[in-house]
Amino acid sequence: MRALTAFVGALLEAWQEVRVHRTRVLLSLVGVAVAVCSLTTVVALGAIVQQANLELSERSSGRPATLLVSMYATGGQPLDPDLVDAAWAEVVDRYGVTYASRMQSTMQRVPFPDGVVDVGTQAVDQPYGEMHRVRMQEGEWFTPLDAQQLAPQVIVNEVFWDRMGRPPLSSHPVVALGGQGVPGSASGIPSGGVRAVVVGVTPSPTWDTYPSMFMLADHLQALQDAAAGERGSGAVAASDPYGGGAPQTQYEMWVPPELSEQLTTLVTRDLAGALGDGAQVDINRQDWATYGDDPFAVTRTVVIGIAVLVLLLGALGLVNIALVTVKQRVREIGIRRSFGATASRVFFAVMMESVVATVVAGAVGVIVSILVVQSPAVRDLVGQGMVSDFLPFPVDAAITGLVAATAVGALAGLLPALVAVRVKVIDAIRY
């Protein structure tokens with residue numbers, strides 16, 4: 001109890017000294033507040049940059065653990081696509097995989113007001129959007145019931161939407177796949193080809209200047225079947241993906257990482273057995289967590305290095321000011337010693353003055369950092385419009401800032417406190 005009373009008394013005494021010398025303290029702690037603000041901001045922005053990199057990686061390769069399944073023929077006869085799809089659907093149902101998708105990349109000829117363009121098209125199943133963090137700017141991602149719609153539905157990128165004239169999605173704009181009509185005509189219905197309804201728009205980064213779109217795999221299959229029966233109609237049909245070469249259709253499933261190895265073995269066995277002799281099944285993980293090394297270790301190391309450098313610069317400035325201040329308070333320290341203050345009490349009091357002041361400065365720096373990092377302008381600048389799941393301000397960044405402020409105060413107060421203890425009473429009174 002006595003130790004607690006002494007500690008609280010030292011804190012109150014340190015706070016009173018801070019208030020008495022508030023002008024000096026304010027000037028000396030500006031650098032600390034700036035350093036802590038910089039440190040906290042760097043750590044917080046580092047977390048946001050890491051989140052942005054993680055999301056970009058998952059958009060291209062999927063979330064952990066994403067299994068990429070390829071099925072192709074090794075003999076002379078191509079695999080029956082209906083048999084492949086049936087085997088895939090059976091395996092997905094057998095193991096209760098919620099997120100699974102077919103993927104096929106092809107081209108669709110689309111007429112725009114300024115000409116006809118071959119648009120890169122990715123045909124997927126509905127779970128693909130969640131598996132790859134597809135971000136929507138307008139409209140919504142496909143629903144499980146959209147595959148039953150007679151008219152194909154497409155989700156276009158922002159470049160595609162701009163070339164259409166950015167029509168409101170509430171008007172159910174349509175495009176002609178393989179036709180020669182012009183979207184946005186007076187009738188609102190393009191002539192020729194297959195009509196598809198635009199139901200959503202995905203944002204395009206600044207480096208993406210080409211139109212692209214998503215559509216459901218079932219709708220693409222229907223277009224390919226129609227094109228196979230109407231050669232020369234202008235609709236684009238993909239080449240046979242099940243021949244002897246590399247397949248155009250691939251399959252993905254998103255499973256718990258701890259089950260990925262077991263499911264890889266089981267799914268490979270089941271698919272190979274369902275497809276029979278002459279079929280090759282390859283399953284590989286492609287997400288960022290596949291690699292043993294942390295892909296974000298370099299980013300984290302650079303952030304920590306910058307933060308430590310900023311902190312050291314702030315601590316160095318505070319130590320210099322604290323030493324000069326103690327030299328100016330030699331007479332005061334001597335008087336306190338003459339009235340019975342012990343060396344340990346003087347040491348602790350001088351150090352606590354620095355600690356209390358730096359904690360207050362650190363709190364101010366953390367608050368400023370939160371306001372800066374949470375501002376929409378900074379988030380747009382760092383995220384480049386590609387981050388959908390922005391993290392709240394990292395708590396560990398705020399804790400790091402406050403701990404750093406306390407540590408700086410303790411280190412900055414150590415040397416002045418040692419100098420104060422070494423002051424002789426008689427010399428200090430004569431000072």
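The values are calculated or read from the model by the stated rules, or taken from the named source; none is laboratory data. Just so we're clear, the structure is a prediction, and the values are computed from it rather than from any experiment. In this analysis, Cβ positions are derived from the backbone assuming ideal geometry, glycine residues included, and neighbour counts consider all displayed protein chains. In case anyone asks, the SASA skips ligands and DNA or RNA and just uses the protein heavy atoms, side chains included. Shrake-Rupley method; radii C 1.70, N 1.55, O 1.52, S 1.80 Å.
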FRET efficiency for residue 266 and residue 166, using Cβ-Cβ distance with R0 set to 51 Å, rounded to 0.05
0.60
Residue separation between residue 286 and residue 418 times 0.36 nm, minus their alpha-carbon distance, gives in nm 41.7 nm
Largest first, how would 348, 112 line up by accessible area (1.4 Å probe)?
348, 112
So how much slack lies between residue 95 and residue 222, counting 0.36 nm per residue of separation and subtracting their Cα-Cα distance, in nm?
42.9 nm
Here the gain from full extension of residue 313 to residue 60, 0.36 nm per residue of separation minus their alpha-carbon distance, amounts to 87.0 nm
Using a 1.4 angstrom probe on heavy atoms only, work out the carbon and sulfur share of the accessible area of the stretch 41-157 in %.
50
